[in-house]
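Trainee: Sharing a structure with you now.
The values are calculated or read from the model by the stated rules, or taken from the named source; none is laboratory data. All values derive from a computational prediction rather than experimental measurement. Neighbour counts run over all protein chains shown; Cβ positions are idealised from the backbone, glycine included.
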Amino acid sequence: MSNKDIKIVNIVVSASLGKDIPLEKMAATLSNTEYNPEQFPGLVIRIKEPKTSALIFSSGKIVCTGARTMEKVQEAIEKIIQSLEKINVKITIKPEVKIQNVVASGSIGMDLNLNTLAMKLDNTEYEPEQFPGLVYKLPEAKATFLLFSNGKVVCTGTKSEKEVHSALDILIENLKKIK
């Protein structure tokens with residue numbers, strides 16, 4: 001049953017560029033941006049390679065999403081810094097990147113009876129009329145799983161690949177107890 005196969009599909013990070021950012025100027029100059037301050041105070045910048053998006057706030061705080069590795073996160077932040085140089089905003093610090101959430105998805109290689117799991121596991125939500133997956137919170141691993149009957153899983157809430165794997169181990173232990 002240990003033929004688990006799970007991959008990181010998204011790393012959400014936050015960082016600070018250490019200075020105020022002129023969002024109007026960015027939006028007016030760079031084509032890959034969206035900025036509607038009436039609706040939301042952050043500017044969205046989309047990066048083609050690595051395929052990521054970031055929210056940039058006038059305070060210089062950024063939230064970057066979409067990267068699958070920390071190397072890609074760093075590349076995306078470099079691209080943002082290069083974009084800022086085009087509008088004469090020089091970032092002189094190396095932004096300290098903080099992981100907020102790691103999302104992983106894959107398969108645990110076994111079919112799951114979600115009705116049984118919903119009854120026998122604590123911290124679950126299962127509304128098959130609304131959504132085909134069972135939500136299973138593992139507070140001890142600070143992780144939340146989406147479980148599907150075909151054995152596919154999505155894990156969110158963790159802050160590293162190591163945490164993903166230990167949460168998955170706990171999940172599998174808990175499932176074995178029910179089998």
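Trainee: Name, by its number, the condition in (1) surrounded by fewer than 13 Cβ atoms within 10 Å (Cβ to Cβ); (2) in contact with a Cys (Cβ under 8 Å, 6 or more places away or on another chain); (3) of a type outside the set (S, T, N, Q) that does not hold for Val73.
Mentor: Going through (1) surrounded by fewer than 13 Cβ atoms within 10 Å (Cβ to Cβ); (2) in contact with a Cys (Cβ under 8 Å, 6 or more places away or on another chain); (3) of a type outside the set (S, T, N, Q) one by one, Val73 breaks only (1).
Trainee: Also, I was wondering about something else. Give me the residue from segment 76-90 that is in contact with a helix residue (DSSP H, G or I) (Cβ under 9 Å, 6 or more places away or on another chain) and outside any loop (DSSP other than H, G, I, E, B) and, out of that set, surrounded by the fewest Cβ atoms within 10 Å (Cβ to Cβ).
Mentor: Among them, the one singled out is Lys86.
Trainee: If you don't mind, there's one more thing I want to ask. May I ask you to verify whether Lys48 is touching a strand residue (DSSP E or B) at 6+ places or on another chain (Cβ under 6 Å), surrounded by fewer than 18 Cβ atoms within 10 Å (Cβ to Cβ) and either closer than 30 Å to Val164 by Cα or assigned by TED's automatic domain parsing to the domain that holds Glu161 (or both)? If you could, list the steps in order and put the result at the bottom.
Mentor: Numbers: touching a strand residue (DSSP E or B) at 6+ places or on another chain (Cβ under 6 Å): no; surrounded by fewer than 18 Cβ atoms within 10 Å (Cβ to Cβ): yes; either closer than 30 Å to Val164 by Cα or assigned by TED's automatic domain parsing to the domain that holds Glu161 (or both): yes.
Spelling it out, it is not the case that Lys48 is touching a strand residue (DSSP E or B) at 6+ places or on another chain (Cβ under 6 Å), surrounded by fewer than 18 Cβ atoms within 10 Å (Cβ to Cβ) and either closer than 30 Å to Val164 by Cα or assigned by TED's automatic domain parsing to the domain that holds Glu161 (or both).
Trainee: Would you say Lys19 is touching a Lys or Arg at 6+ places or on another chain (Cβ under 9 Å), among the charged types (D, E, K, R) and closer than 19 Å to Ile99 by Cα?
Mentor: no
Trainee: Given the condition in a strand (DSSP E or B), surrounded by 15 or more Cβ atoms within 10 Å (Cβ to Cβ) and modelled with pLDDT of 95 or more, answer yes or no: does some residue in segment 36-44 qualify?
Mentor: Checked segment 36-44: at least one residue is in a strand (DSSP E or B), surrounded by 15 or more Cβ atoms within 10 Å (Cβ to Cβ) and modelled with pLDDT of 95 or more.
Trainee: Would it be correct to say that Leu168 is touching a Leu at 6+ places or on another chain (Cβ under 6 Å) and not charged (D, E, K, R)?
Mentor: On the way: touching a Leu at 6+ places or on another chain (Cβ under 6 Å): no; not charged (D, E, K, R): yes.
Here the answer is no, as Leu168 does not meet what is asked.
Trainee: Look through Ser53, Ser14, Ser2, Ser31 and report the one residue that is under 29 Å from Ser105 (Cα atoms), at pLDDT below 95 and among the hydroxyl-bearing types (Ser, Thr, Tyr). Steps first, answer last, please.
Mentor: Values: Ser53 fails: at pLDDT below 95; Ser14 fails: at pLDDT below 95; Ser31 fails: under 29 Å from Ser105 (Cα atoms).
Residue meeting the stated conditions: Ser2.
Trainee: Follow-up question, since we're still on this one. In segment 111-150, how many residues are buried (at least 17 other Cβ atoms within 10 Å of the Cβ) and modelled with pLDDT under 95?
Mentor: 1
Trainee: Here's a follow-up. Which count do you get for residues in segment 62-75 that are touching a strand residue (DSSP E or B) at 6+ places or on another chain (Cβ under 9 Å) and in a helix (DSSP H, G or I)? Please lay out each step first, then the result.
Mentor: If we filter segment 62-75 for residues that are touching a strand residue (DSSP E or B) at 6+ places or on another chain (Cβ under 9 Å), which is where we start, we get 62-70, 72-75.
Now narrow it down to the ones that are in a helix (DSSP H, G or I): 70, 72-75.
Count: 5.
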